[in-house]
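Comments concern the structure below.
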Amino acid sequence: MRKRWLSMALAAVMTASLLAGCGGGSTAPTTADTTTAAGSETGSQAEGGEEAAAPEETADRGNSMVYAIDAEPETLDPGMCNYNKSSAVLLNLFNGLYRFSDDGSNVEPAMAESHTVSDDGLVYTFTLRDGLKWSDGSALTAADFEYSWKRELDAELASPAAWNLFDIVNAEEYNNGECSADEVGVKAVDDKTLEVTLKNPTAYFISLTASANWAPVKKDVVEGSDSWVKSADTYVCNGPFMLQEIKPQAGYTLVKNPEYYDAANVKLDSVEIAIIEQAEAALSAYNAGDIDVMIGNSVGTQAMAQYQGSEELSAHDLIGTSYFDFNCSKDYMTPEVRKALSMAIVRNTVNDVAVPSKPKSAFAFVPYGIPYGDDTTPFREKVGAELIKEDVEAAKQLLSDAGYPNGEGLPTLQFIITNTQENKDKAQVMQAMWKESLGVECEIVTFESKVYWDEHGAGNFDIAFDGWTGDYLDPNSVLNIFNKGRMEKECRWQSDAALKYDELLNKAAASADNNERMEIFTECEQILMDEMPVLPLYYRNTMVLSKPHVKGFTVDFGAHPLFRCVSVE
């Protein structure tokens, strides 16, 4: 039986690949593209397909680089940034108090010159650098940070990233309308001094301040117009680059920011960011010399086959997990049904067939690369690699126990994804597995990225593509995304076990003992896997395809490119 559904899944992906071809033009996104049978739509390059064109000589663009991304960033407002694609651009336009180091492995002072911590670990006092400026030449002060963080926490802004600031005293309370902004533990003592008071000792707090949503925004700019992010003429930032042009659905032009505190060490004059949704089109542009660097979804199967073994192709492990949300608010999406769906998936097969980068399959949630507290041993190795059991017969029994023997009585599940080729391929292989193993029917619905997240946020799904890459090297960075506040808007997991999970997160946050925190996180992850509000598929990695003349290109552990480190020869 396994051979039967495996061959069906492979045929679905490979047949559609041949139909899709590998044309060089970019394909316009489909707003609501529905497929109801495995194999009706996909496009990864199959073995034995046409060989890619030989690379052409790269055009001389001077001291500039062209970088390809596969979708338009969801937002260019740091205060609204809760997305990896947005962060990838924003971390080159903005800096927070700290920034990622040149090799991407840690953080280092940026807008802050230094900081001190009180003996109880609750009060951080940051001293800003002398002469900091916005890209328009005006002074940047500690008051800009106080304003920006409180703006993000203001419920009227409805920032999806506000939860990331909840370690600050009264941050969550203000976001919930339970206190005033003046009571939030952020205070500009003077132009160069920012005082931050935390609810509990937070070992990873400095790392947090390097994230995109902790960057400052300029008050008179963001309050001057709701559309300040729509035009380079109204866009003011403080990072190594600034916006020169926004080309809707086509890309962006970034130029070196002369007002950046570290401008002397930024080597590139400009970066062209090109939005090319299809991996085949991106590869054609790369081979033609029109693209210098691309990463992630832009580097598809065909590119990896062509450049396998070449110095131009490299893999980078991330501290993230690709997973699927189950809509736990649906009465038929019980824990038994969710676990059955998870146990019936053969992750290694899905990843081998449908994920070009061939990542490590996830049989738990916390990825490799995150240490176990003060111990350098990875959390994943210390706790155990496999908390998920793949067992079709046990999955069938669970489904029967839930009242849906062989899938009978269970509604056709709406499975929503963004319209990348990888997501289509994954969904179709999983659809085939569920149909063959459990008798469960799924309807796959694809959306372009921005529409997708609106549908996801509205809860218009049974199963939904999702993923998370941590911002700092602590289990909390990935486990905290399932806190009560976020779950009300994500997979809608609100059972007694979910409340227990949230209580444990709060207990870990209150602890200054790293060993105790790790024990709590171990218990949290076990609850997550027992309840299965999400289906982990693989631990994230990213592939980078980069021309030989591009020197110093790197990504941080969250897959954000660091353009300031790049030079061209």
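Given Cα pairs under 8 Å that are at least 6 residues apart, what percent is the relative contact order of segment 422-569?
Details: 97 pairs, mean separation 22.1, N = 148.
Relative contact order comes out at 15 percent.
State to the nearest 20 debye the size of the charge dipole of the chain about its Cα centre, where the only charges are +1 on K and R beta carbons and -1 on D and E beta carbons.
Details: 44 positive and 89 negative charges, 182 e Å.
The calculation lands at about 880 debye.
Please grab the % of Cα pairs in segment 379-420 that end up more than 17 Å from each other. Tail of the P(r) past 17 Å holds 59 percent of the pairs.
One quarter of the convex hull surface built on the alpha carbon atoms of the chain amounts to 24.4 nm², the projected area averaged over directions. Putting +1 on Lys and Arg Cβ atoms and -1 on Asp and Glu Cβ atoms, find which of Ala458, Phe324, Leu562 reaches farthest to the positive end of the dipole of the chain. Most positive-ward Cα: Phe324.
Work out which helices of the chain, taken as complete DSSP H runs, extend at least 15 Å along their axis over the Cα atoms and score a mean Kyte-Doolittle of 0.0 or more, then list them.
Values: long enough: 2-20 (27 Å, 0.85); 142-153 (17 Å, -0.97); 421-438 (25 Å, -1.25); 496-510 (21 Å, -0.18); 514-531 (26 Å, -0.82).
Answer set is 2-20.
Sorting the segments 406-413, 552-559 by their residues' average number of neighbouring beta-carbon atoms within 10 angstrom, most packed first, yields 552-559, 406-413. Couplings 3J(HN,Hα) of segment 533-544, computed from phi: x, 9, 10, x, 10, 7, 7, 5, 9, 9, 9, 10 Hz, in residue order, whole Hz [Karplus 6.51 cos²θ - 1.76 cosθ + 1.60, θ = phi - 60°; x for Gly and Pro]. Considering only Ala264, Tyr147, Gln428, and ranking their Cα positions along the charge dipole of the chain that arises from unit charges at the beta-carbon of Lys, Arg, Asp and Glu, the one farthest toward the positive end is Gln428. The mean sequence distance of close C-alpha pairs (under 8 Å, at least 6 residues apart), as a share of the length of the chain, puts its relative contact order at 21 percent. Two numbers describe the Cα atoms of segment 402-552: Rg and Dmax, which are 18.5, 61 Å.
Of all the accessible heavy-atom surface of segment 463-537, with the other protein chains kept in place and a 1.4 Å probe, what percent is carbon and sulfur?
Working: 1090 of 2540 Å².
Carbon and sulfur: 43 percent of the exposed surface of segment 463-537.
Computed from Cα atoms alone, the Kirkwood hydrodynamic radius reported for segment 363-456 is 16.0 Å. Considering segment 124-172, its Cα convex hull presents a mean projected area of 4.4 nm².
Is segment 82-140 best put as rounded, prolate or oblate by its Cα gyration tensor, with a ≥ b ≥ c the root eigenvalues, rounded for a/c under 1.5, and otherwise prolate when a/b is larger than b/c, oblate when not? Don't skip to the end; give the middle numbers.
Values: a/c = 2.06, a/b = 1.24, b/c = 1.66.
Cα axes put segment 82-140 in the oblate bin.
The packing ranking, built from the mean of other Cβ atoms within 10 Å per residue, places the peptides 486-496, 180-190 in the order 486-496, 180-190, highest first.
Each peptide in 199-211, 65-77 gets a packing score, the mean of other Cβ atoms within 10 Å over its residues, and the list from highest to lowest is 65-77, 199-211. Dividing the helix sum by the residues of the chain, where each DSSP H run of 4 or more adds -39500 (n - 2.57), gives a mean residue ellipticity at 222 nm of -8500 deg cm²/dmol.
In units of the compact-protein estimate 2.2 N^0.38 Å, segment 114-203 shows a Cα radius of gyration of 1.12.
Keeping every protein chain present and rolling a 1.4 Å probe, give me the accessible area per residue for the chain in Å². Present the calculation step by step, with values, prior to reporting the outcome.
Values: 22060 Å² over 569 residues.
Result: 39 Å² of accessible area for each residue.
Segment 261-401 has equivalent-ellipsoid semi-axes of 37, 22, 16 Å, by the square roots of 5 times the alpha carbon gyration tensor eigenvalues, sorted largest first. Above 14 Å lies some portion of the pair distances; for segment 470-519, what is it as a whole percent of all C-alpha pairs? Result: 53 percent of Cα pairs exceed 14 Å. Cα-Cα pairs above 22 Å in segment 493-569: how many percent? The answer is 54 percent, as a whole percent.
Between Lys500 and Asn106, what is the FRET efficiency for a Förster distance of 35 Å, r being their Cβ-Cβ separation, to the nearest 0.05? Once rounded, the FRET efficiency stands at 0.55.
Model label points for Glu178 and Glu519, set 7 angstrom from Cα along the Cα-to-Cβ axis, are 2.8 nm apart. Report relative contact order for segment 184-308 in percent, whole number only (criteria: Cα-Cα under 8 Å, sequence separation at least 6). Reported relative contact order: 12 percent.
Given the pairs Lys267/Lys360; Lys230/Lys551; Lys85/Lys424; Lys192/Lys507; Lys85/Lys489, which are separated by over 25 angstrom at their Cα positions? From the list (Lys267/Lys360; Lys230/Lys551; Lys85/Lys424; Lys192/Lys507; Lys85/Lys489), the Cα-Cα distance tops 25 Å for Lys267/Lys360; Lys230/Lys551; Lys192/Lys507.
The values are calculated or read from the model by the stated rules, or taken from the named source; none is laboratory data. None of the values given here were measured: they were computed from a predicted structure. Glycine also receives a Cβ, built like all others from the backbone with ideal geometry; neighbour counts cover every protein chain displayed. Quick note on the areas: whole protein, heavy atoms, side chains included, nothing else; ligands and nucleic acids left out. Shrake-Rupley method; radii C 1.70, N 1.55, O 1.52, S 1.80 Å.
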